[in-house]
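This report refers to the structure that appears directly beneath it.
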Amino acid sequence: MLNVVVLVSGGGTNLQAIIDGVEKGTITNTKIAGVISNNKNAYALTRAENHKIPGVCISPKTFASREEFNEKFLETVDGLKPDLIVLAGFLVVIPPAMIEKYRNRIINIHPSLIPSFCGTGYYGLKVHEAALVRGVRVVGATVHFVDEGTDTGPIILQKAVEVEEGDTPEILQRRVMEQAEWKILPEAVDLIANGKVIVEDNRVKIL
Ligand code: GRF
């Protein structure tokens, strides 16, 4: 049984996709052990509560230093005994010690086809604004392992989405969520839970 901890900061629609997958059985061999947010008002915490999943709020803002937060944050994550940590719209920098300890056991969903529109400053609507400004015809989402860089870890799954005439950043964001994010993130969790994902030479093989 894969023990999964989901880290969130906002609405939690990707968390909901994982919860639904586990409950419907499209994600097997998986238990969501807990949800951690840096934002006490994150609706993602309400989603967890609605499904009787333990929710914890821990924010860097309530600590004297980032080092103190990082230490308590890692302790909190460790306490849930995760086999896999899922970043689902989590907006806090992951401490290097956590990346080291959970090497290739932390995954992130990014709302673009990496290496396009990713890296520092590319998050949320900014990703879709940049795609529309550039005039790309195809966007999408990527699930990747988290390493020390920003959106630079080994890519697990990607799914493309068409840009349509008249798209605004908000419309495009929603389509990428519906057609890509909410599909490939649960799929990635299920693949990992069933031992079908390996990393060789910093590249992912799906068995
Ligand atoms: C998603 O667009 C995801 O790609 C990005 O942050 C957003 C989180 O949305 N990393 P939600 O909280 O899962 O609804």
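The values are calculated or read from the model by the stated rules, or taken from the named source; none is laboratory data. Everything numeric in this text was worked out from a predicted model, so none of it was measured. All Cβ positions, even for glycine, are placed from backbone atoms using ideal geometry, and neighbour counts span all protein chains on display. These accessible areas exclude ligands, DNA and RNA; they are computed on the full protein's heavy atoms, side chains included. Shrake-Rupley method; radii C 1.70, N 1.55, O 1.52, S 1.80 Å.
Rounded to the nearest 20, the size of the Cβ-charge dipole of the stretch 1-120 about its Cα centre is 140 debye, with Lys and Arg at +1 and Asp and Glu at -1.
So for the chain, considering every pair of alpha-carbon atoms, how many percent are separated by more than 31 Å? Result: 15 percent of Cα pairs exceed 31 Å. Think of the chain as having a plus end and a minus end, set by charges on the Cβ of Lys, Arg, Asp and Glu; of Val146, Ile184, Ile27, Ile27 sits farthest toward the positive end of this dipole.
Extending 7 Å from Cα along the Cβ direction at Val56 and again at Thr120 yields two label points whose distance is 3.0 nm. Computed from Cα positions, the angle between helix 66-79 and the longest principal axis of the chain comes to roughly 80 degrees.
Remark: for residue pairs Lys52/Lys196; Lys52/Lys205; Lys61/Lys183; Lys81/Lys205; Lys40/Lys205, the C-alpha separation exceeds 27 Å in Lys52/Lys196; Lys52/Lys205; Lys61/Lys183; Lys40/Lys205. Shown here for the stretch 118-207: GluC sites (Glu not before Pro) in loop regions (DSSP other than H, G, I, E, B) with at most 13 other Cβ atoms within 10 Å, namely Glu148, Glu164, Glu165.
Dipole check for the stretch 81-170: with +1 at the C-beta of Lys and Arg, -1 at the C-beta of Asp and Glu, and the Cα centre as origin, the magnitude is about 380 Debye.
Assign one of three labels to the stretch 38-127, namely rounded, prolate or oblate, based on the Cα gyration tensor with a ≥ b ≥ c the square roots of its eigenvalues; rounded applies when a/c is under 1.5, prolate when it is not and a/b is larger than b/c, and oblate otherwise.
rounded
Treating r as the C-beta distance of Glu200 and Arg66 and R0 as 30 Å, the FRET efficiency rounds to 0.30.
In debye, nearest 20, what is the charge dipole magnitude of the chain about its Cα centre with +1 on Lys and Arg Cβ and -1 on Asp and Glu Cβ, if you could check?
On the way: 22 positive and 25 negative charges, 54 e Å.
Dipole size: approximately 260 debye.
Take the chain with all the other protein chains still there, run a 1.4 Å probe, and you get 50 Å² of accessible area per residue. In the chain, the longest principal axis of the Cα atoms and the axis of helix 182-193 are about 40 degrees apart. Amide H contacts of Thr30 (H built 1.01 Å from N, in plane; Pro and chain starts excluded): Leu2 sit under 5 Å, all sequence-distant by 5 or more or on other chains. Under the simplified labelling scheme, the Asn3-Glu162 pair shows an inter-label distance of 4.6 nm, with each label point 7 Å from Cα along Cα→Cβ. Loop-located trypsin sites (Lys or Arg not before Pro) in the stretch 166-196 (DSSP state not H, G, I, E or B) with no more than 14 neighbouring Cβ atoms inside 10 Å: Lys196. Computed from Cα atoms, the angle from the helix 13-24 axis to the main principal axis of the chain rounds to 70 degrees. When the solvent-accessible area of the chain is split by element, carbon and sulfur atoms take up 51 percent of it, the probe being 1.4 Å. If both residues of a DSSP beta bridge must be in the chain, then about 45% of such bridges are antiparallel. Please work out the Cα center distance from the stretch 123-176 to the stretch 13-92, rounded to the nearest Å. When both Cα centres are located, 23 Å separates them.
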